[in-house]
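Read through the structure below, which is laid out as structure tokens, and then see the notes.
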Ligand code: SF4
Ligand code: SF4
């Protein structure tokens with residue numbers, strides 16, 4: 001019984017975003033989703049591959065897509081940036097037999113036939129698991145928590161086509177937040193760009209973009225931000241961390257992964273060490289709201 | 001492209017129709033249908049920092065202005081956020097065009113751009129990926145800081161992240177490293 005899924009954690013869920021990995025593992029089993037890690041997965045290539053070398057930008061995702069296909073599993077990439085790379089590579093490979101042939105030469109002896117479906121965390125929760133089931137599993141509703149859903153760029157901006165969710169005003173994350181008993185506060189920055197991987201190379205740009213997003217979250221009196229992207233989480237959290245003079249945004253808003261809230265609402269309690277992985281530690285807010293014991 | 005195709009116009013800029021054809025062919029995007037509505041640039045989050053905003057980059061492609069397009073800082077700053085692509089009334093995937101210009105610039109001039117540090121970061125990223133099949137953030141960041149001569153500038157942050165359990169000093173890697181190396185070798189033989 002249940003849904004078997006090829007789990008692609010990606011590089012950051014094994015390092016800077018461990019808390020995303022841990023919370024997915026803590027919550028998905030109870031929703032009837034069996035996570036089967038894509039055997040020996042490799043990095044999707046990220047911004048670097050598509051910036052410098054198109055062949056790599058296709059072949060690196062293709063290797064994982066081929067392995068998932070061999071296992072007969074859809075591929076679930078929780079990080080929005082990985083997800084987008086898989087989605088675009090998959091579409092290109094499915095559209096052109098010639099290209100598929102060329103890329104298969106790069107990844108041989110693996111041989112991708114174009115049969116793997118790619119899923120992000122919201123599609124999985126809303127379309128496959130279903131919000132009815134999510135609601136049934138909620139034992140500790142996140143009552144009173146005012147959250148802003150921060151989609152970022154890559155969940156629903158799909159060129160030449162439509163994502164399942166709306167391109168300019170996506171709602172899946174709001175729907176999940178409300179299914180968990182929290183309040184999804186409307187705000188103008190749900191699709192604004194945080195600057196993504198420019199945080200290493202162009203700090204000033206990321207400070208400008210991410211600070212603007214935090215300003216807007218503050219303006220609607222949100223108590224925390226929810227996201228599904230490891231770059232978004234990192235940038236918004238870092239901007240408030242005080243670890244550098246430039247990172248001094250005063251919002252003091254925890255930035256949650258959607259799966260952390262999901263796991264909590266389903267009764268899972270994380271150890272203190274888990275919350276310490278956030279620059280803005282959410283414990284204080286969660287205690288104040290009576291959502292965890294101090 | 002043949003040099004003979006290049007035409008110098010009165011303001012000194014060089015027109016190369018072969019460049020237009022090359023980008024059209026590489027991207028498959030309907031670049032010629034752009035009518036300069038500026039919707040892309042109006043929504044571009046990086047436009048304030050760009051020397052050549054997306055609408056202008058598209059114009060350069062239409063006009064065959066290879067040098068101007070490939071010398072732009074903005075092709076390196078573009079965050080590939082796809083805001084422009086999903087809004088273009090002519091359904092041009094502008095982010096795809098920016099990405100293609102970036103690769104053409106890299107092929108012809110490597111890191112000879114004021115944004116060389118961004119090129120270096122991408123190179124080091126792919127280096128780590130080639131070696132391990134996965135990217136090791138700690139090592140990547142240390143190598144980047146070292147290369148750009150700003151080592152220890154972010155040391156406080158690095159230490160903090162280490163103690164938060166966000167950074168690991170043990171490299172994660174794939175088992176089948178040979179296969180990853182093979183993919184890189186084959187891809188480097190294939191042009192672009
Ligand atoms: S949105 Fe499209 S048509 Fe309008 S200027 Fe940009 S590329 Fe041209
Ligand atoms: S993809 Fe690049 S050019 Fe287009 S809106 Fe985003 S940053 Fe601007």
For this session: Mind checking which helices (runs of 4 or more DSSP H) fall wholly inside the stretch B:8-73 and carry at least 2 residues that are more than 16 Å from ligand 1 (Cβ to nearest atom) and either touching a residue at least 12 places away in the same chain (Cβ under 8 Å) or more than 25 Å from residue A:195 (Cα to Cα) (or both)?
Result: B:17-27, B:66-70
For this session: Looking only at the stretch A:275-286, decide whether some residue is out of contact with any helix residue (DSSP H, G or I) (no Cβ under 7 Å at 6 or more places or on another chain) and surrounded by fewer than 19 Cβ atoms within 10 Å (Cβ to Cβ).
Result: yes
For this session: From B:57, B:71, grab the single residue that is away from every other protein chain (no Cβ under 11 Å), within 16 Å of ligand 2 (Cβ to nearest atom) and in contact with a helix residue (DSSP H, G or I) (Cβ under 9 Å, 6 or more places away or on another chain).
Result: B:57
For this session: Can you run down the residue pairs with Cβ atoms below 8 Å, 6 or more apart or on separate chains, where the first is in the stretch A:205-227 and facing chain B (nearest Cβ under 10 Å) and closer than 16 Å to residue A:183 by Cα and the partner is part of a helix (DSSP H, G or I) and modelled with pLDDT of 95 or more?
Result: none
Exercise. Does at least one position in the stretch A:128-151 carry a residue that is surrounded by 15 or more Cβ atoms within 10 Å (Cβ to Cβ), over 20 Å from the mean Cα position of the chain (by Cα), over 30 Å from residue A:285 (Cα atoms) and not assigned by TED's automatic domain parsing to the domain that holds residue A:231?
Worked result: no
Problem set entry | Sole residue being modelled with pLDDT under 95, under 16 Å from the mean Cα position of the chain (by Cα) and surrounded by fewer than 20 Cβ atoms within 10 Å (Cβ to Cβ), chosen from A:204, A:164, A:196 | A:164
For this session: Residue by residue through the stretch B:86-144, note down the ones that are facing chain A (nearest Cβ under 7 Å), within 16 Å of ligand 2 (Cβ to nearest atom) and assigned to a loop (DSSP other than H, G, I, E, B).
Result: B:91, B:93
Exercise. Out of all the residues in the stretch B:75-85, is one or more within 11 Å of ligand 2 (Cβ to nearest atom), away from chain A (no Cβ under 14 Å) and free of Cβ contacts under 8 Å to residues at least 24 places away in the same chain?
Worked result: no
Exercise. Given the stretch A:1-118, what helices (runs of 4 or more DSSP H) lie entirely inside it while holding 1 or more residues that are more than 9 Å from every other protein chain (Cβ to nearest Cβ) and surrounded by 19 or more Cβ atoms within 10 Å (Cβ to Cβ)?
Worked result: A:10-13, A:18-28, A:54-71, A:80-95, A:97-107
Exercise. Any idea which of (1) at pLDDT 95 or above; (2) more than 18 Å from the chain's Cα centre (by Cα); (3) more than 23 Å from residue A:163 (Cα to Cα) is the one residue A:51 doesn't satisfy?
Worked result: (1)
Problem set entry | Residue, modelled with the lowest pLDDT, within the stretch A:2-22, restricted to residues that are in contact with a strand residue (DSSP E or B) (Cβ under 9 Å, 6 or more places away or on another chain) and farther than 20 Å from residue A:268 by Cα | A:2
For this session: Would you mind stating whether residue B:46 is closer than 25 Å to residue B:121 by Cα and away from ligand 2 (no atom under 13 Å from the Cβ)?
Result: no
Exercise. So which residues in the stretch B:145-155 are at pLDDT below 70 and part of a helix (DSSP H, G or I), if there are any at all?
Worked result: B:155
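The values are calculated or read from the model by the stated rules, or taken from the named source; none is laboratory data. Keep in mind that what you see is a predicted model, and the values were worked out from it rather than measured. Ideal geometry is used to build each Cβ from the backbone, glycine not excepted, and the neighbour counts take in all protein chains shown.
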